[in-house]
Amino acid sequence: MKTLPNDIVLRPRFQIKLDQPSNIILDQFEKANSSSITCKRLDDHIFLKIKPKDVHFWSPQLHLELDTIDSNSCKLYGVFGPNPSLWTFFMFIHFAIAITFIVFAIWGYTNWSLHRPYFLQLSFMLFMTLIWASLYAFGRIGKQKGKPQMNDLYLFMKQTINECSA
């Protein structure tokens, strides 16, 4: 099993080929118990989350999907991601900033082509760029804060899979 890279990417992904049937691994995750991680199963999908007592704004979750290869092996696909409501909020803010930037760019271009002042529009475009850059920095800081919990989720997953082999 490969370890996770040290760099933080937007939504880290990994895949592991396992030499056990998927139903045994799914059952093991259902039986798994942890004081800091909850495990929910939906068909061939497993969602690992930090328990509410330890959750902070940047807490990650791990989504696992098991695909059966044959009767004795399967492939596990994993994706780390933020809380879905946080992800939706961030995407909404980014789209709002992009649309505002485009509106001011069109307005500024129109004023420029009509030989009218366009300083206000350029100022707002610069302001939107600064807001986007600060959101990006805020997101990077948040991902760094979620890194220890991401490692906890990955370690829990590895331990649970290893218990199937024992």
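Every read-out reported here was derived from the displayed coordinates using simple, explicitly stated rules and does not represent laboratory data. Here the structure is a predicted model, which is why all the values come from computation and not from measurement. All Cβ positions, glycine included, derive from the backbone under ideal geometry; neighbour counts span all protein chains shown.
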- Message: Given the options 118, 154, 109, name the one that is of a type outside the set (A, V, I, L, M, F, W, C) and touching a strand residue (DSSP E or B) at 6+ places or on another chain (Cβ under 8 Å).
- Response: 154
- Counting only residues that are within 17 Å of the chain's Cα centre (by Cα) and not in a strand (DSSP E or B), which one in region 11-43 is surrounded by the most Cβ atoms within 10 Å (Cβ to Cβ)? 12
- Under the condition of being touching a helix residue (DSSP H, G or I) at 6+ places or on another chain (Cβ under 9 Å) and among the acidic types (Asp, Glu), which residue from region 44-70 is nearest to residue 144 (Cα to Cα)? 54
- Task: For residue 161, indicate whether it is in a helix (DSSP H, G or I) and in contact with a strand residue (DSSP E or B) (Cβ under 7 Å, 6 or more places away or on another chain).
- Result: yes
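Conditions tested, residue by residue: (1) touching a Phe, Trp or Tyr at 6+ places or on another chain (Cβ under 7 Å); (2) over 30 Å from residue 22 (Cα atoms); (3) surrounded by 13 or more Cβ atoms within 10 Å (Cβ to Cβ); (4) not basic (Lys, Arg).
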position	(1), (2), (3), (4)
91	no, yes, no, yes
98	no, yes, no, yes
107	no, yes, yes, yes
117	no, yes, no, yes
125	yes, yes, yes, yes
148	no, no, no, yes
152	no, no, yes, yes
161	no, no, yes, yes
- Residue count, region 56-99, condition within 10 Å of the chain's Cα centre (by Cα), of a type in the set (Phe, Trp, Tyr) and in a strand (DSSP E or B), comes to 1
- Looking only at region 113-158, count how many residues are touching a helix residue (DSSP H, G or I) at 6+ places or on another chain (Cβ under 7 Å) and outside any helix (DSSP H, G or I). 2
- Determine whether residue 69 is closer than 15 Å to residue 154 by Cα, touching a residue at least 12 places away in the same chain (Cβ under 8 Å), surrounded by 13 or more Cβ atoms within 10 Å (Cβ to Cβ) and of a type in the set (A, V, I, L, M). no
- Task: Return a yes/no flag: does region 100-121 have any residue that is among the polar types (S, T, N, Q) and under 16 Å from the mean Cα position of the chain (by Cα).
- Result: no
